[in-house]
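The structure appears below as structure tokens.
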Amino acid sequence: AVVSVAIRNYHYRSMTLRSTFAAAAALFAAASWLLPASRKTPADARAFLEKANAELLKLSVEGQRASWVRSTHITYDTELLAAQADERFIQATVRLAKQAVEFDGLTLPPDQARQLKLLKLSLTMAAPANPAESEELTRIASGLEGAYGRGKYCPPGGGDCMDIEEIGRVLAADRDPKRLARVWTGWHAVGAPMRADYQRFVELSNKGARELGFSDTGAMWRSKYDMAPDEFARELDRLWEQVRPLYVSLHAYVRKRLVEKYGADVVPAKGPIPAELLGNLWAQEWGNIYPLVAPADADPGYDLTRILKARNATPQDMVRFGERFFTSLGFAPLPATFWERSMFAKPRDREVVCHASAWDIDAADDLRVKMCIDSTAEYFATIHHELGHNFYQRAYNKLPFQFRDSANDGFHEAVGDTIALSVTPEYLVKIGLLNSAPDASKDIGLLLDRALEKVAFLPFGLVIDQWRWKVFAGEVKPAGYNRAWWDLKLKYQGVAPPSPRGESDFDPGAKYHVASNTPYARYFLAEIQQFQFHRALARLAGCKGPLHRCSVYGNPEAGARLRKMLEMGQSRPWPDAMEALTGERRMDATAMLDYFAPLKKWLDEQNAGSPVGW
Ligand code: X8Z
Ligand code: ZN
């Protein structure tokens, strides 16, 4: 729940009221303290919103504090305290959303009408009205995240237990397929004990969603995009079809190189790639295997991880680099409290949720990140990602409570990544991390490195919610949870587990966002949007070269344009925000395809005569 809490109550917010509420509305109408709809006035709506926003702000700040402590000191008590604070916020939101129905049909100023609409759409997890069920649901949700945070792999026969950070390092760097399979399987065991709780979580959160008039929790999530829920699902399909050929080319090339490295008995030449060989525990970003697949003649010739380690860059140093990018665009520096209260490294003495997140604790200026930073290029990118959240949060802070969020949830995830796309070799030279930038003959290496991070991610970004939507809709039943998971991983990603998985496993639970109930389609959207944003900002900054060599570092015009969009928060439908930055009103993968066009051509040449697809 934390990323969501972190990005100002992401997961708390999201619901629509449908006809189910007609009955409730009639009851409310009968109550003496609420006038019938026909007699409500715009002044009543304004007063209602003011009161609702004040109440929710207060409960949200309490929730943030409780969640922060829960995630940075996991104990039995902090888990319960966070669950209780969550519950208070959720119940208040549900109650207010139900009351907001009273204003349906009234002609209101657009910004009030939108606030009322957003109030109804704001939760990610809706609790049932029944107090025992509501308490059970929030407790389970908090417990699932805690179980993930405490997760470890303890090798049989002794040896030190490994936490997620250590396991991640093995998956990134080890090249022994047997060890990779062991450690991969060891981590995935953290999912199994979550299975029963997850099943119950699905039942209860669906019940909450249905009480709000949604068919299930997945439908509730799909209702947040200023378009019909089905239309949103089709929109994802459309975007995926745009980028699928690029992914398939990358997959074929990587598989071919892995066959050369490991042999066809480890990597099937025409089949799915073993998930444990891609440099990441979830096979979601493959940048760590760049050395295995690098083109012989076009290696970019520098390795940011090596540079950071050679300089003994501390986590704080790395975050300073990120902050300086934003200040170079005209953003105010982060407050002193950011540096005092953030968690930058993994503490030795307690359990924490290491999964990176960015927080706006008090909706004023108490911004923080929570990360377990290692001095690697991957974390360097993640730092920019997280700071993107923080600068967004600060930019929309002055708006009414209901508007303090990104235009759609993809925007929140895209901002920091957009900045990270400006981390070019030329930029690294400017900030003194690199002596000289590689020439154009190294472009393929640079693009391949980026593609392993960005293109490889695309199908993964879809799979998680394709699975959850089916689970929430009851199309996938508990007896088929894991089977459906791997069917989707195969279909979209073309990857397979190291050994057969069964229904005593629960592999989705081994991914943070499932355990923490954070919707995931947002990351797929962000992957598409960040290239649109980067293209627009690069053009504005007058960059004439290829997009992957453009950096908007130090460009005030680009900064002002970005800020303009961030300051809109969620006050307008997202196409307006997209237009404010890019002049475009649709999500469109052509910016990403343009960026990678030279690589696509090169990959297809490399793949000529080799199997493509799985
Ligand atoms: O969860 C995150 C961020 C926090 S919002 C670190 N990301 C996704 C993930 O790790 O699965 C960023 C990329 C995708
Ligand atoms: Zn994020």
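The values are calculated or read from the model by the stated rules, or taken from the named source; none is laboratory data. Nothing here was measured: the structure is a model prediction, and the numbers come from that model. We place every Cβ from the backbone using ideal geometry, glycine too, and count neighbours over all the protein chains shown.
Comparison of 501, 483 shows that the only residue that is more than 16 Å from ligand 1 (Cβ to nearest atom) and more than 15 Å from residue 184 (Cα to Cα) is 483. Condition first: over 15 Å from the mean Cα position of the chain (by Cα), part of a strand (DSSP E or B) and at pLDDT 95 or above. Can you find one or more residues in segment 380-394 that meet it? No, every residue in segment 380-394 fails to be over 15 Å from the mean Cα position of the chain (by Cα), part of a strand (DSSP E or B) and at pLDDT 95 or above. Does segment 262-276 contain any residue that is crowded, with 20+ Cβ neighbours inside 10 Å, under 21 Å from the mean Cα position of the chain (by Cα) and under 30 Å from residue 448 (Cα atoms)? Yes: segment 262-276 contains one or more residues that are crowded, with 20+ Cβ neighbours inside 10 Å, under 21 Å from the mean Cα position of the chain (by Cα) and under 30 Å from residue 448 (Cα atoms). For residue 478, the conditions (1) at pLDDT 95 or above; (2) out of contact with any Phe, Trp or Tyr (no Cβ under 6 Å at 6 or more places or on another chain); (3) closer than 30 Å to residue 249 by Cβ all hold with the exception of (3). Across segment 381-401, the qualifying residues are those that are of a type in the set (A, V, I, L, M, F, W, C) and within 13 Å of ligand 1 (Cβ to nearest atom), and the one among them that is farthest from residue 423 (Cα to Cα) is 387. Counting just the residues of segment 458-497 that are of a type in the set (A, V, I, L, M) and touching a residue at least 40 places away in the same chain (Cβ under 8 Å), which one comes out nearest to ligand 2 (Cβ to nearest atom)? Going through the qualifying residues, I end up with 464. Summed over segment 484-513, the residues that are farther than 12 Å from residue 467 by Cβ, in a helix (DSSP H, G or I) and among the acidic types (Asp, Glu) give a count of 0. Checking the structure you have, find out if any residue of segment 379-402 is among the small types (Gly, Ala, Ser) and over 30 Å from residue 565 (Cβ atoms). No, that holds for no residue.
For segment 305-321, the condition of being of a type outside the set (A, V, I, L, M), within 16 Å of ligand 2 (Cβ to nearest atom) and out of contact with any Ser or Thr (no Cβ under 6 Å at 6 or more places or on another chain) holds for none of the residues. Evaluate the following for residue 364: is it among the aliphatic types (A, V, I, L, M) and within 10 Å of ligand 1 (Cβ to nearest atom)? Taking the combined requirement at face value, the residue does not satisfy it. Annotation: residue 283 fulfils all but one of (1) at pLDDT 95 or above; (2) small (Gly, Ala, Ser); (3) over 21 Å from the mean Cα position of the chain (by Cα); the unmet one is (3). Looking only at segment 415-448, count every residue that is away from ligand 1 (no atom under 16 Å from the Cβ), touching a residue at least 24 places away in the same chain (Cβ under 8 Å) and either under 28 Å from residue 606 (Cα atoms) or under 29 Å from the mean Cα position of the chain (by Cα) (or both) and tell me the total. The total comes to 17.
Screening 553, 481 for residues that are aromatic (Phe, Trp, Tyr) and part of a helix (DSSP H, G or I) leaves exactly one candidate, 481. A Cβ distance below 8 Å, combined with a sequence gap of six or more or placement on separate chains, defines the contacts here; from segment 247-260, residues that are surrounded by 22 or more Cβ atoms within 10 Å (Cβ to Cβ) reach residues that are in a helix (DSSP H, G or I) and of a type in the set (D, E, K, R) in the pairs 249/600; 249/604. The lone criterion from (1) crowded, with 22+ Cβ neighbours inside 10 Å; (2) within 15 Å of the chain's Cα centre (by Cα) left unmet by residue 538 is number (2).
If you go through segment 405-450 and keep only what is within 16 Å of ligand 2 (Cβ to nearest atom) and in a loop (DSSP other than H, G, I, E, B), you end up with 405, 406, 407, 408.
Say whether the condition of being within 16 Å of ligand 2 (Cβ to nearest atom), in contact (Cβ under 8 Å) with a residue 12 or more places away in the chain and in contact with a strand residue (DSSP E or B) (Cβ under 6 Å, 6 or more places away or on another chain) is met by at least one residue in segment 348-357. Checked segment 348-357: at least one residue is within 16 Å of ligand 2 (Cβ to nearest atom), in contact (Cβ under 8 Å) with a residue 12 or more places away in the chain and in contact with a strand residue (DSSP E or B) (Cβ under 6 Å, 6 or more places away or on another chain). Cβ separations smaller than 6 Å between residues 6+ apart or across chains give the following pairs from segment 157-169 residues that are touching a residue at least 60 places away in the same chain (Cβ under 8 Å) and of a type in the set (A, V, I, L, M, F, W, C) to residues that are assigned to a helix (DSSP H, G or I) and surrounded by 10 or more Cβ atoms within 10 Å (Cβ to Cβ): 167/183; 167/187. Given the residues 538, 577, 526, which is the only one that is within 16 Å of ligand 2 (Cβ to nearest atom) and in a helix (DSSP H, G or I)? Exactly one of 538, 577, 526 is within 16 Å of ligand 2 (Cβ to nearest atom) and in a helix (DSSP H, G or I), namely 526.
A search for C-beta distances below 7 Å between a residue of segment 118-143 that is farther than 15 Å from residue 92 by Cα and any residue that is basic (Lys, Arg), counting only pairs 6+ apart in sequence or on different chains, returns 133/207; 140/200; 142/70.
The rows are residues; the columns are (1) closer than 25 Å to residue 247 by Cβ; (2) buried (at least 23 other Cβ atoms within 10 Å of the Cβ); (3) touching a helix residue (DSSP H, G or I) at 6+ places or on another chain (Cβ under 7 Å).
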position: 497; (1), (2), (3): yes, no, yes
position: 501; (1), (2), (3): yes, no, yes
position: 506; (1), (2), (3): no, yes, yes
position: 534; (1), (2), (3): yes, yes, yes
position: 542; (1), (2), (3): no, no, no
position: 552; (1), (2), (3): no, yes, yes
position: 559; (1), (2), (3): no, no, no
